[in-house]
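Here, each number is a calculation from the coordinates, and none is a lab measurement. Quantities reported herein were computed from a predicted structural model and do not represent experimental measurements. Using ideal geometry, Cβ is built from the backbone for each residue, glycine included, and neighbour counts are taken over all protein chains shown.
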Amino acid sequence: QTDLRQNKYIWLGTHQIFHGLTYAFRENQDGLFISHSYKFAADTSAFIVECLPETWYGAGLDQMSEQATREYLERVFQDVLGGHSLLTNNFVKWFNFTLIKNRRWSYENVVLLGDALHTVHFSIGSGTKLALEDAVALARAFRENDTVPTALAAFKKFRQALISDFQDAAVHSLSWLENVRSQTHLEPVPFVYGLVTRSNRVGYNRLKRQAPEFIQEYDEWRRRQPPEGKIPRQFLDLFQKRAFGHLSTLMPDGTPQVTSVYVDYDAASGCLLINSAKGRQKDLNMQREPHVALEITDPDNPNRYLQIRGRVVEIIEEGADAHLDQLAQRYIAREKYPLTWKYAGEVRRIYKIAPDHVTAWEPFG
């Protein structure tokens, strides 16, 4: 099974030294670029750059020579490189990361290892480490089993769950980076918290042990947020992410209708805000029967979500278009909601939902 991901990336080097995996996010007139860098020799670091395909094409990187590519990226990351050049080793090529999974790990006496068996996105590393561990586990399986088939079966049984966990973490990580534009409006502290926890392998408690000074800053930021209403303060970050709501309203015959919606939070009133258009089915349903239910899942962790039952207490048309433009910045990374996505004469509405019952779920938080 293969999954070709959208972002373009290139693997470069530099004599600028980065102690530990270092990320930089830089934006110019063409779009947002992300660098992943780390030291791998006494005087050299790897320097990986990735970007969205529209940024790549918009910058003309698909047509640039090796020298032009290097010079362009040196300008983008000038402050990060500290005056050092980028190294290309006479080879410049952009790639799309391919996620590889295999249902069958072997055939007769042939067995797959490493990237041929499973790829792990470079944003969490561990590719070489996993390949070597595959080889160690395979050797152990042959030492502990008498036949090739039983050894290969034991190898797969021992490694499969661990590999699956790593690949799940890598998918969370690369998905966060693919959609990072929806996070760039955040203040530095919550942005960094999202970056560090993006794979779901690192959470609040682990950071509290390993980076207590940062968690102290994060806790101070949380305390500065609006007073807590029925939505727990620990879950208010969902309203800064590209977290879609699933709104359930009642049809005239009493059956439920569920739709995906942009969702916002009004700290002053403690109400949730939904933006939709006059005359749509959910609009008609909420006017007739104001009791609704809403589920909001963390896009970085599907096991973390809010479930809300409440009432539509107000429907407002004034300011609804401006509110939709604000939501567009978070959900589709655009300054304004595209006019071509609206029907002719469409009237937008804001629905204020007062929560009566809230369930906040984060089993591993």
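Brief remarks follow.
- Over the chain: Rg over Rh, Cα atoms, Kirkwood Rh: 1.03
- Theoretical gain in end-to-end length, residue 48 to residue 291 [0.36 nm per residue, Cα-Cα removed]: 82.5 nm
- Counting every other Cβ atom within 10 Å of each residue's Cβ, 362, 346 order from fewest to most as 346, 362.
- Potential extension, residue 143-residue 303 segment - 0.36 nm per residue separation minus Cα distance: 53.7 nm
- A simple spin-label model places the labels of residue 2 and residue 28 3.2 nm from each other, with each point 7 Å out along Cα-to-Cβ.
- Size check on segment 1-98: the Cα extents along the three principal axes, sorted descending, read 35, 34, 26 Å.
- Local charge for residue 279 was computed over the other residues whose Cβ lies under 15 Å away, with Lys and Arg +1 and Asp and Glu -1, and equals +4.
- Here segment 124-178 and segment 247-280 have alpha carbon centers that stand 44 Å from each other.
- Ordered by the number of other Cβ atoms lying within 10 Å of each residue's own Cβ, fewest first, 37, 260, 126 fall into the sequence 260, 126, 37.
- By the count of neighbouring beta-carbon atoms within 10 Å, fewest first, 15, 36, 357 end up ordered 357, 15, 36.
- Cross-link pairs exceeding 32 Å between alpha carbons, from the set 93/156; 101/342; 241/342; 93/129; 39/336: 93/156; 101/342; 39/336.
- Listed residue (164, 186, 240) projecting farthest to the positive dipole end of segment 138-265, Cβ model: 164
- Distance from segment 298-365 to segment 30-49 (C-alpha centre basis), Å: 37 Å
- Proximal aspartates and glutamates relative to residue 278, as straight alpha-carbon distance under 13 Å, when same-chain residues fewer than 8 apart are discounted: 317, 318, 321, 346
- Contour excess over end-to-end distance, with Cα ends at residue 68 and residue 17 and 0.36 nm allotted per residue: 16.0 nm
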